[in-house]
Amino acid sequence: MADDLGKNNTVRDTNTEPDWSELDADPNLTPVFGRVRLRTLILLRWLAVTGQTMAVIVVYYGLGFDLPLGACLGVIAASAWVNAWLSLAMPTQRFAKDWEAFLQLAYDVIQLMVLLALTGGLTNPFSVMLVGPVVIAVAALPGRWWLTLAAIAIVGSISLSIWHLPLPWSDAEAVVLPSTYRAGIWVALAIAIAFTAVYAWRVGFEAQRMGAALAATQSVLAREQRLSALGALAAAAAHELGTPLATIQLTAKEMLRAAQDDLSREDADLIISQAQRCRDILQRLSQSSHNTADKMHERIGLRELMEEAAAPLKGLDAHVVVKLAPTPEHPDAPVLKRQTELLYGLGNFIENAVDFAQTEVQIIGAWSDTQLNIIVQDDGPGFPPDILAKLGEPYVTTRRSQPGYGGLGLGVFIAVTLIERIGGTVDLTNAMDGGARVSLTLPRAALEAEPMSDVGASDLSP
């Protein structure tokens, strides 16, 4: 039993698999948090210009340290000029292209390195700011761009450790740190750049995959809700069209009785037969969908719910057994509200069990005063140990190694998300005697249907 939706198209007509390609949910794609606007880059650069200017002025005038004030302010003024030119020459509301964002962030790194070279190189405490543009690049650019920028920052830090002016200081003698300490500063900075870049990339990777998987979950649930709404609409249409068709049929019969020639009788017979055909079609449509709008249909016993979820999968290789486990304290199974989330989630767990079972799948329902428990257990090989701890996460599957499946690994994630949406929890383990075991724990009060005495008489009519 493993995680997938790969066979829904062929087994479960009501749970047709959505078009995952529309969700851009390929886990092999390079994850990107999102494109960045030019205005954002310009705003960040203005903040850098302000901070750099204040730092230089405070160090020179406030602390009295000697530094090349003119050169430092010239480097900062270059950034201000770049910002002013970008603000006037380009629409700042549009998203920056990848190469545009890369060039701007690369300029920020180089500008900061020049400013650091004028003020002590890596011995300057503000050298840690080289990490900033790299993290922004990870958040906004594909891998090849931010990796290039990280390489520029690391190589540039090597240059700063070799070529730089002395660190500004109040004493006549310049501050000279031991070479081992300077090497340690460079190693720490390089590790900080690499670590923060990889960390930000990994967080973004997980965020994108989770976002795509949640979008897939919403797509599945929305599809089920649209199908339910279509059933109600069909029932309403059948009811509304019944009266005018009856009028047409009655008028045609009157025309038949009043007909004076064979041609008129044939036309009247044709109208009657076609009207009757329409009524038969609407009757079948109503019979197949009127339950959607019927509150009696919204009530379903625990056993019936498990049977309905398993119905599309019966008759396959594995034998599906549905049974209840009453106790002396609770002999009567509860009657539940019909929940799309519960039916789809349970059905997906059953489908996975049938796919990997050898001979039999057991679906066991139990209940107490406060909880409902549904267990789906098969006699297959069970969950592989290497993915057992990851089950419930998106894109975890064993079916890519099986010909003919090719699932994305979203099935268990979607099922777990839908069960949690109605307040339940899912425990995925391997049974002691072998096989996979999925245990659903659900809140009884939230799912139990209202008593029959509370259902109006109008709700009992077809």
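Where a number appears in this text, it was derived from the coordinates with a stated rule and is not lab data. Note that the structure is a prediction, hence the values are computed from the model and not measured. Counting neighbours? That spans all protein chains shown, and the Cβs are built from the backbone with ideal geometry, glycine included.
Overall, the anisotropy analysis places the range 51-150 in the oblate class: the square-rooted eigenvalues a ≥ b ≥ c of its C-alpha gyration tensor yield a/c not less than 1.5, with a/b not exceeding b/c.
Since only TYR60, GLY74, GLY120 are under comparison, the one whose Cα sits farthest along the positive direction of the charge dipole of the range 39-178, derived from C-beta charges on Lys, Arg, Asp and Glu, is GLY74. The listed peptides 120-127, 51-58, 419-426, 343-350, ordered by packing as a protection proxy, come out as 343-350, 120-127, 419-426, 51-58 (highest mean of other Cβ atoms within 10 Å first). Loop-located trypsin sites (Lys or Arg not before Pro) in the range 90-168 (DSSP state other than H, G, I, E, B) with a sparse environment of at most 15 neighbouring Cβ atoms within 10 Å: ARG94, LYS97.
Computed over Cα pairs, the Kirkwood radius of the range 320-392 leads via Stokes-Einstein (0.692 mPa s, 37 °C) to a diffusion coefficient of 235 µm² per second.
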